[in-house]
Amino acid sequence: MWHSINNDSDRITFMNIVGSFHDSCIKEMSYLSGAYVDKELSMYPVNDQRCLKVIVQRQSQEHAMIEMEFDGLKYLKLFPCGDDYTCEILDATIILTEGSVYWCDCGGISVSDLEHYTGTVICASKLRWRSIEGCMGQKEFYTSIM
């Protein structure tokens with residue numbers, strides 16, 4: 001079941017449910033722009049979907065795997081750690097402003113901090129989330145079926 005983040009109460013409830021993402025990691029992402037080239041090589045060059053889906057896995061018995069769906073993606077700043085560092089999230093931030101929602105892989109970040117922050121930041125028009133059961137581990141969640 002999907003849960004939308006529409007206001008501060010939704011944001012607080014979600015952050016409480018996921019423990020502010022303490023002891024979590026971004027496992028994978030999937031992006032759908034809406035643009036494509038068809039079989040006749042005609043192009044539809046409009047990013048009319050801009051939907052980013054993010055899987056986060058947590059060291060928790062409840063809500064161990066969370067899928068966040070960012071609709072109307074405005075930007076994604078992705079700075080993955082190299083393999084000589086760990087990538088666990090100790091705390092995260094969600095900020096709601098008029099017309100935008102921000103998710104950041106660090107706690108205590110303000111909107112003015114986001115421009116210079118060198119971690120992962122997602123900005124979109126909307127955010128919704130759901131808990132995924134029975135899919136923990138290394139196996140990919142987003143797979144292509146040809």
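The values are calculated or read from the model by the stated rules, or taken from the named source; none is laboratory data. Remember, predicted model here, so these are calculated numbers, not experimental data. Cβ sites come from the backbone with ideal geometry, for glycine too, and all protein chains shown count toward neighbours. The accessibility values were calculated without ligands, DNA or RNA, using every heavy atom of the protein model including side chains. Shrake-Rupley method; radii C 1.70, N 1.55, O 1.52, S 1.80 Å.
Being of a type in the set (S, T, N, Q) and in contact with a strand residue (DSSP E or B) (Cβ under 6 Å, 6 or more places away or on another chain): is that true of residue 59 here?
On the way: of a type in the set (S, T, N, Q): yes; in contact with a strand residue (DSSP E or B) (Cβ under 6 Å, 6 or more places away or on another chain): no.
It is false that residue 59 is of a type in the set (S, T, N, Q) and in contact with a strand residue (DSSP E or B) (Cβ under 6 Å, 6 or more places away or on another chain).
Residues that are in contact with a Leu (Cβ under 8 Å, 6 or more places away or on another chain) and of a type in the set (Val, Ile, Thr) within region 1-34 comprise just one, 5. Only a single criterion out of (1) in contact with a Gly (Cβ under 9 Å, 6 or more places away or on another chain); (2) open to solvent by 60 Å² or more (accessible area, probe 1.4 Å); (3) under 21 Å from residue 139 (Cα atoms) is not satisfied by residue 57, namely (2).
Kindly evaluate residue 56 against the criterion of being in a loop (DSSP other than H, G, I, E, B), farther than 14 Å from residue 125 by Cβ and of a type in the set (Val, Ile, Thr). Give the steps one after another, and end with the answer.
On the way: in a loop (DSSP other than H, G, I, E, B): no; farther than 14 Å from residue 125 by Cβ: yes; of a type in the set (Val, Ile, Thr): yes.
No: the conditions fail for residue 56.
Scan region 65-102 for residues that are surrounded by fewer than 16 Cβ atoms within 10 Å (Cβ to Cβ), on the phi > 0 side of the Ramachandran plot and not in a loop (DSSP other than H, G, I, E, B) and the total you get is 0. Output the number of residues of region 99-128 satisfying the condition of being under 9 Å from the mean Cα position of the chain (by Cα) and touching a residue at least 60 places away in the same chain (Cβ under 8 Å). Count: 2. When restricted to residues that are in contact (Cβ under 8 Å) with a residue 40 or more places away in the chain and charged (D, E, K, R), region 28-49 contains 1. Against the definition (over 18 Å from residue 2 (Cα atoms), open to solvent by less than 60 Å² (accessible area, probe 1.4 Å), at pLDDT 95 or above and outside any loop (DSSP other than H, G, I, E, B)), how does residue 122 come out, yes or no? Criteria met by residue 122.
Does any residue of region 105-125 turn out to be of a type in the set (S, T, N, Q) and closer than 20 Å to residue 23 by Cβ? Full working, then the answer.
Filtering region 105-125 for residues of a type in the set (S, T, N, Q) gives 110, 112, 118, 120, 125.
With closer than 20 Å to residue 23 by Cβ added as a condition, the list becomes 120.
Looking through region 105-125, at least one residue is of a type in the set (S, T, N, Q) and closer than 20 Å to residue 23 by Cβ.
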